[in-house]
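This report refers to the structure that appears directly beneath it.
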Amino acid sequence: MSTRDFEGKEVVISYDATRCIHAGECVRGAPAVFDPEARPWIAPDRADGEQIAQVIRRCPTGALTLRFRDGRVAEMPDALATIALAVLIAAIGVYSGLGRVRPVLERPLHIVRRLHSGHVGDYVAWLLFGVAALGALFALT
Ligand code: SF4
């Protein structure tokens, strides 16, 4: 087992070394708590539990997890909440609004269908186009 617990008065932080990619989110977010030069390198009592929880939510791999000693549940990660909301909105749109939207989308979809040959390369090209469009959108915001 590669997971190690670091016990503090308010929280217990678990660290799974096999999942860590050393992206440094933890060290940048709470340098007093996560100090790679110190032994032990995680000191849970050097910050407020909620602050540590916020930093741990940014860990891209889930190498860090946290539990409160009093049984409090750490809030749902922002990214998961966002994904859940997007799926909910999409599901509502598909089941309730598609009929009304279909006439509006009919013409652009017809153009897309004419451009699409059905070959694998088309899927790759549309995927790349979508990723580039999303990238541009995020770069502008
Ligand atoms: S944030 Fe997570 S993945 Fe990144 S260095 Fe810290 S423990 Fe490792």
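Does PRO36 qualify as being part of a loop (DSSP other than H, G, I, E, B), without any contact (Cβ under 8 Å) to a residue 24 or more places away in the chain and in the same structural domain as GLY62 (by TED's automatic domain parsing)? The answer is yes for PRO36. Scanning region 5-21 for residues that are among the charged types (D, E, K, R), away from the ligand (no atom under 11 Å from the Cβ) and surrounded by 15 or more Cβ atoms within 10 Å (Cβ to Cβ) gives a single hit, GLU10.
Given the criteria near the ligand (Cβ under 10 Å from one of its atoms), of a type in the set (Gly, Ala, Ser), without any contact (Cβ under 8 Å) to a residue 40 or more places away in the chain and in contact with a helix residue (DSSP H, G or I) (Cβ under 7 Å, 6 or more places away or on another chain), does GLY24 qualify? No; evaluated as a whole, the condition is false for this residue. Scan region 92-99 and tell me whether some residue there is surrounded by 10 or more Cβ atoms within 10 Å (Cβ to Cβ), touching a helix residue (DSSP H, G or I) at 6+ places or on another chain (Cβ under 8 Å) and at pLDDT below 75. Yes, there is a match, as at least one residue in region 92-99 is surrounded by 10 or more Cβ atoms within 10 Å (Cβ to Cβ), touching a helix residue (DSSP H, G or I) at 6+ places or on another chain (Cβ under 8 Å) and at pLDDT below 75. Out of LEU127, LEU88, LEU109, LEU64, one residue alone is surrounded by 11 or more Cβ atoms within 10 Å (Cβ to Cβ), more than 16 Å from the ligand (Cβ to nearest atom) and modelled with pLDDT of 75 or more. It is LEU109. When restricted to residues that are within 15 Å of LYS9 (Cβ to Cβ) and either within 14 Å of the chain's Cα centre (by Cα) or not aliphatic (A, V, I, L, M) (or both), region 41-62 contains 7. If you go through region 31-61 and keep only what is among the hydrophobic types (A, V, I, L, M, F, W, C) and either over 23 Å from ARG72 (Cα atoms) or more than 10 Å from the ligand (Cβ to nearest atom) (or both), you end up with ALA32, VAL33, ALA38, TRP41, ALA43, ALA47, ILE52, ALA53.
The values are calculated or read from the model by the stated rules, or taken from the named source; none is laboratory data. The structure displayed is predicted, hence computed values, not measured ones. Cβ sites come from the backbone with ideal geometry, for glycine too, and all protein chains shown count toward neighbours.
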